[in-house]
Amino acid sequence: MTDTAHDPASTGSADPLAAPLRLPNGQELANRFAKAAMSEQLGDRRNRPTPALERLYERWGRRGTGLLITGNVMVHRDHLGEPHNVVIDDDRDLAALTRWATAARSGGAKVWAQVNHPGRQALRIAGKHPVGPSPVRPKVPGSVTPRELTGAEIEDVVARFATTSAVLERAGFDGMQVHGAHGYLVSQFLSPLANQRTDDWGGTPEKRMRFLLEVVRAIRAAVSPGFAVGVKLNSADFQRGGFTQEESMAVVEALGAEGIDLLEISGGTYEAPAMVGLEAATSTQQREAYFLDYAEQVRERTAIPLMLTGGFRNVGAMRDALASGAIDVVGIGRPLAVDTDGPAGLLDGSRTSIRAGDKKLGHKQLDGLVDLYWHTRQLHRIGAGRNPDLREPAPVTLAHAIVGNGWRALRRRRGG
């Protein structure tokens, strides 16, 4: 890929947000807006896509966003991150998946599925125990010590990522994103806190990144060249002794050698949730992008197109980040749960900012849960064909979280 791929000025567009972007595999995004992954929890009881997902993504796809990245699609139905995740471990639901992809693409957007295995962050399903690289319990209330994966099981998980991706391509999705952030299984393998193995899957930074690289290689072997492969990666875990920025940079360089099509930068885990802005550095908050400083350093070391999600609200900051060449795609998450027309308004000049809204109880340990679940409820409203309800009080949201997810909702904060 040439340097012009991350230079908005090279397209000739006066507005860098409106400039198309051609990815390394030849796929072209119509503009620089991407809907970042948010876990919708709109699968049915058998973890199949539903008409609500079709309605939700059709609406997003017609509102000016060039790329839509779905929330968690799981590779193993015995290991779910949230209730009602969509699971793809074979082609049994190909027809429903095809309807979902068709609806999302109907307005001209590209649609990718975020593919994930929760590892030790899995729900405790009856008879099934969470697994991980090592038997190390996450420091999250209510969590359990995972069972250590065997070498054969690791190979099986790698193959599952490939199977899921192949089915997605058959269903009409334009690409997929490996979720390698936020403390899920790929992130666990990268972290020296979660991965304490001494075999070929751990022990050194190079061996800890092997799982991610094998996943990417298996996916590439299972799909056509035109099917995009992206990765969401932590800049760091923000935990003492965890995955560091220096280690993240090394992973970026290794991914560059694998030829991925888009790298989304995030950070944190559910033990240190920087991804929702709770522990972001002040300097980057002031610049409206939690991880922009890191993105600027990454740009010096790779030509992979970069997507940055977290904190972007004002159109001036978005344009400045793109024009600088530090990033190529502006990721928007929670604002699209409350304002589906936001990207279109920013593109046509009818507005200069987009807001996420927030709901808080004033209780530090519950505010993250309430805010995430409040946004999830807005997704459910859109999926039902209604508009978001920005007036719903925080206590009402908390009550619905408990009713819908049980008391375990108070023990975890989840997102895409």
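When the Karplus curve 6.51 cos²θ - 1.76 cosθ + 1.60 is applied with θ = phi - 60°, which whole-Hz ³J(HN,Hα) does each residue of segment 57-63 get, with x for Gly and Pro?
6, 5, 5, 4, x, 9, 10
Highest GNM mean-square fluctuation, the chain, Cα pairs closer than 10 Å: which of R351, R59, R48?
Between R351, R59, R48, it is R351 that shows the largest mean-square fluctuation.
Please report, in debye to the nearest 20, how large the charge dipole of the chain is about its Cα centre when each Lys and Arg carries +1 at its beta carbon and each Asp and Glu carries -1 there. Mind dumping the intermediate values first?
Working: 51 positive and 47 negative charges, 319 e Å.
Here the chain has a charge dipole of around 1540 debye.
Where does each of 195-206, 215-226, 111-122 land if you order them by average Cβ count within 10 Å, highest first?
Numbers: 195-206: 14.8, 215-226: 17.1, 111-122: 26.4.
Ranking, from highest mean packing down: 111-122, 215-226, 195-206.
Which one, A394, G175, L306, is farthest towards the positive end of the dipole of the chain when Lys and Arg carry +1 and Asp and Glu -1 on their Cβ?
A394
Which residue, G127, G230, G175, tops the fluctuation ranking in a GNM of the chain built on C-alpha contacts under 10 Å?
In this elastic network of the chain, the residue with the biggest mean-square fluctuation among G127, G230, G175 is G127.
Under a cut-off of 20 Å between alpha-carbon atoms, report the lysines in cross-link reach of K35, not counting same-chain residues fewer than 8 places apart.
Qualifying lysines at Cα under 20 Å: K110, K232.
Once phi is turned into ³J(HN,Hα) by the Karplus curve 6.51 cos²θ - 1.76 cosθ + 1.60 with θ = phi - 60°, what whole-Hz value does each residue of segment 156-166 show in order, with x for glycine and proline?
Values, residue by residue: 5, 5, 4, 5, 5, 4, 5, 4, 4, 5, 5 Hz.
Using a probe of 1.4 angstrom, how much of the accessible area of the chain is carbon and sulfur, in percent? Don't skip to the answer; put the middle values down first.
On the way: 7610 of 15570 Å².
Of all accessible area on the chain, carbon and sulfur atoms account for 49 percent.
Work out the charge dipole of the chain with +1 on the Cβ of Lys and Arg and -1 on the Cβ of Asp and Glu about the Cα centre, then indicate which of W201, Q297, T65 is farthest towards its positive end.
The listed residue farthest towards the positive side: T65.
May I ask you to compute the full-extension gain from S106 to D90, defined as 0.36 nm times their residue separation minus their alpha-carbon distance, rounded to one decimal in nm?
On the way: separation 16, 0.36 × 16 = 5.76 nm, distance 2.50 nm.
Gain on stretching S106 to D90: 3.3 nm.
Tell me the per residue accessible area of the chain using a 1.4 Å probe; a whole number in Å² is fine. Could the numbers behind the result be given before it?
Numbers: 15570 Å² over 416 residues.
With all protein chains present, the chain gives 37 Å² per residue.
By how many nm would the segment from R351 to V140 lengthen if fully extended, with 0.36 nm per residue of separation less the alpha-carbon distance? Intermediate results must be reported in sequence, preceding the final value.
Details: separation 211, 0.36 × 211 = 75.96 nm, distance 3.99 nm.
Extending this stretch completely gives an extra 72.0 nm.
Report, by chain and number, residues whose modeled amide H sits under 5 Å from the one on G66, excluding near sequence neighbours (fewer than 5 apart, same chain).
It is N31, F33, by chain and number.
Could you point to the label whose value was computed as P(r) over Cα pairs in 20 Å bins from 0, in percent for the structure here, given [x] 25, 50, 20, 5, 0; [y] 29, 63, 8; [z] 24, 57, 18, 1?
Computing P(r) over Cα pairs in 20 Å bins from 0, in percent and matching it to [x] 25, 50, 20, 5, 0; [y] 29, 63, 8; [z] 24, 57, 18, 1 gives [y].
For the chain, with a Gaussian network of springs between Cα atoms less than 10 Å apart, report the residue from D339, D348, D389 with the top mean-square fluctuation.
Most flexible of the set in this elastic network: D348.
Over the Cα atoms of segment 329-387, how large are the radius of gyration and the largest Cα-Cα distance (Dmax), in Å?
Considering segment 329-387 through its Cα atoms, Rg and Dmax are 13.2, 40 Å.
For segment 34-97 and segment 352-399, what is the centre-to-centre distance using only Cα atoms, to the nearest Å?
20
Amide H of T309 versus every other amide H placed in the peptide plane: which residues, excluding those fewer than 5 positions away on the same chain, fall under 5 Å?
Counting only residues 5 or more places away or on other chains, the set is I265, G331.
What does the charge count near T145 come to, summing +1 for each Lys or Arg and -1 for each Asp or Glu among other residues with Cβ under 11 Å from its Cβ?
Working: positive: R120, R137, R147; negative: E148.
Cβ neighbours under 11 Å give a net charge of +2.
Karplus couplings for segment 72-77 from phi (6.51 cos²θ - 1.76 cosθ + 1.60, θ = phi - 60°), rounded to Hz, Gly and Pro as x?
Along segment 72-77, the couplings run 3, 10, 8, 8, 9, 6 Hz.
I'd like the Kirkwood hydrodynamic radius of segment 144-187, using the inverse of the mean 1/r over distinct C-alpha pairs, in Å. Mind showing how you got there, number by number?
Numbers: mean 1/r = 0.0820 Å⁻¹.
So the Kirkwood estimate lands at 12.2 Å.
Can you compute the charge dipole magnitude of segment 304-371 about its Cα centre, using +1 on each Lys and Arg Cβ and -1 on each Asp and Glu Cβ, nothing else charged? Give it in debye, rounded to the nearest 20. All intermediate terms of the calculation are to be shown ahead of the outcome.
Working: 8 positive and 8 negative charges, 47 e Å.
Rounded to the nearest 20 debye, it is 220 debye.
The values are calculated or read from the model by the stated rules, or taken from the named source; none is laboratory data. The structure presented is a predicted model; accordingly, all values stated were derived computationally and were not measured. FYI the Cβ positions are ideal-geometry reconstructions off the backbone, even for glycines, and counts take in every protein chain you see. Accessible surface areas use protein heavy atoms only, side chains included; no ligands, DNA or RNA. Shrake-Rupley method; radii C 1.70, N 1.55, O 1.52, S 1.80 Å.
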